[in-house]
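Structure record follows, encoded as structure tokens.
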């Protein structure tokens, strides 16, 4: 019984390590798939209204360095900047989940790896 529990804990901790990341690691991954991220393009993308007449800033505000509320649900959103909220962009699975959901809300499509690299490169300098 103890062996099974220890094996389970070991498996869970190794699974967490697979999905754990730093913002820099995630950015490098997007850049490998698309090209160097641009802070200028990232800030512009973040603030521009797209396909569904929303921008990222519609919910996260600019600068995204403080708690905000979702414009439809009213749910509190923690700061998006990883300089303010150290938990942001540290779990690859969560990052992909939220990029997919939010990009569909804002763009009516998924974000490209280049768009992710651009936005993340800008968010990493927001204080």
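Every read-out reported here was derived from the displayed coordinates using simple, explicitly stated rules and does not represent laboratory data. For clarity, every value in this text was computed on a predicted model and none was experimentally measured. With ideal geometry, Cβ positions are generated from the backbone for all residues, glycine too; neighbour counts draw on all protein chains shown.
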Report, in cubic angstrom per residue, the convex hull volume of the C-alpha atoms of the range 41-89. 80
Provide the packing ranking of 68-80, 113-125, i.e. peptides ordered by the mean count of other C-beta atoms within 10 Å per residue, highest first. 113-125, 68-80
Calculate how steeply helix 92-107 sits against the longest principal axis of the alpha-carbon atoms of the chain, using the helix alpha-carbon long axis, and give the answer as 0 to 90 degrees to the nearest 10. 20
Could you work out the helix-only [θ] at 222 nm for the chain, with each DSSP H run of four or more residues adding -39,500 (n - 2.57) and the total divided by the number of residues, to the nearest 500 deg cm²/dmol? -17000 deg cm²/dmol
Per-pair calculated FRET efficiency, R0 = 22 Å: residue 41 and residue 66 via Cβ, rounded to 0.05: 0.40
Nearest 10 degrees, 0 to 90: what angle lies between the long axis of helix 23-34 and the longest principal axis of the chain (Cα atoms)? 70
For residue 97 and residue 75 in the same chain, what is the full-extension length gain: residue separation times 0.36 nm, less their Cα-Cα distance, in nm? 6.2 nm
Residue separation between residue 104 and residue 25 times 0.36 nm, minus their alpha-carbon distance, gives in nm 26.1 nm
Degrees, to the nearest 10: 113-123 long Cα axis against longest axis of the chain: 80
Pick the calculated volume of the Cα convex hull per residue in Å³ for this structure from (1) 124; (2) 112; (3) 154? (1)
Relative contact order (%) - the chain, alpha-carbon pairs under 8 angstrom, separation at least six: 36
